[in-house]
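Novice: This is the structure, below, for whatever I ask next.
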Amino acid sequence: MERLIKKILILSAVGFCVTVLYFALNVDHTYNTKSLINKTIPQFQFKQLNQDGLIENNNLNKNFTLINFWASWCAPCKIEHKYLMELKESLEDEVLLLGINFKDKKENANNFLTTLGNPYHYVGIDEDGKGSVDFGIYGIPETILVDQNQIILLKFIGPLSEDDTIKIKNKINE
């Protein structure tokens, strides 16, 4: 009887391990943000980069807001910057641009914006990166387009490109 109980325990343990291994191998480990589309952005508060006060959800007061997570130390952020400048110029009346400076030093962020230009209506700071995590951000640059109801319409991982700016404009003009 004791041998039978041992065999059952061993078979149960092996069965459990095989089941766990099966499910672990079939999990998609690719970072995917498709599930965030059509969801509401979280409630947030970020300190402003160069002003007293906070940037919060109620500051997003245009029909569309483009939220860009960036840093001065981020080489791809420099690559995409010209597209943000172009979007601000071409969509000034329709889109609010919110920049969230991610894990950066204030002086470096200001130098970045002084050198390349400031495309943002508001610049918030996320010194420790914790606020950005609520948006599904795990690296930068990342950009999110939301509507007046703060519903995510588009999300871009990595630097914006010319094609991305076309997608943004098309979405706004739908």
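The values are calculated or read from the model by the stated rules, or taken from the named source; none is laboratory data. Remember, it's a predicted structure, so these values are computed and weren't measured experimentally. We place every Cβ from the backbone using ideal geometry, glycine too, and count neighbours over all the protein chains shown.
Novice: Only residues in the range 160-174 that are hydrophobic (A, V, I, L, M, F, W, C) count as the first member; pair them with residues that are at pLDDT 95 or above, Cβ under 6 angstrom, at least 6 apart or cross-chain, and list the lot.
Specialist: That search, which allows pairs on different chains as well, returns Leu160/Glu80; Leu160/Tyr83; Leu160/Thr143; Ile168/Leu145; Ile172/Phe64.
Novice: Sort through Glu89, Glu127 and tell me the only one that's modelled with pLDDT under 95, surrounded by fewer than 15 Cβ atoms within 10 Å (Cβ to Cβ) and under 25 Å from Gly53 (Cβ atoms).
Specialist: Of Glu89, Glu127, the one residue that is modelled with pLDDT under 95, surrounded by fewer than 15 Cβ atoms within 10 Å (Cβ to Cβ) and under 25 Å from Gly53 (Cβ atoms) is Glu127.
Novice: Take Phe102 and tell me if it is surrounded by fewer than 22 Cβ atoms within 10 Å (Cβ to Cβ), in contact with a Pro (Cβ under 9 Å, 6 or more places away or on another chain), of a type in the set (Phe, Trp, Tyr) and within 21 Å of Ser161 (Cβ to Cβ).
Specialist: So Phe102 does not fit the description; no.
Novice: Restricting the search to the range 136-158, which residues are part of a loop (DSSP other than H, G, I, E, B) and buried (at least 21 other Cβ atoms within 10 Å of the Cβ)?
Specialist: Ile137, Ile140, Pro141
Novice: Anything in the range 39-57 that is hydrophobic (A, V, I, L, M, F, W, C), under 16 Å from Asp104 (Cα atoms) and more than 15 Å from the chain's Cα centre (by Cα)? List them, or say none.
Specialist: The one that is hydrophobic (A, V, I, L, M, F, W, C), under 16 Å from Asp104 (Cα atoms) and more than 15 Å from the chain's Cα centre (by Cα): Leu49.
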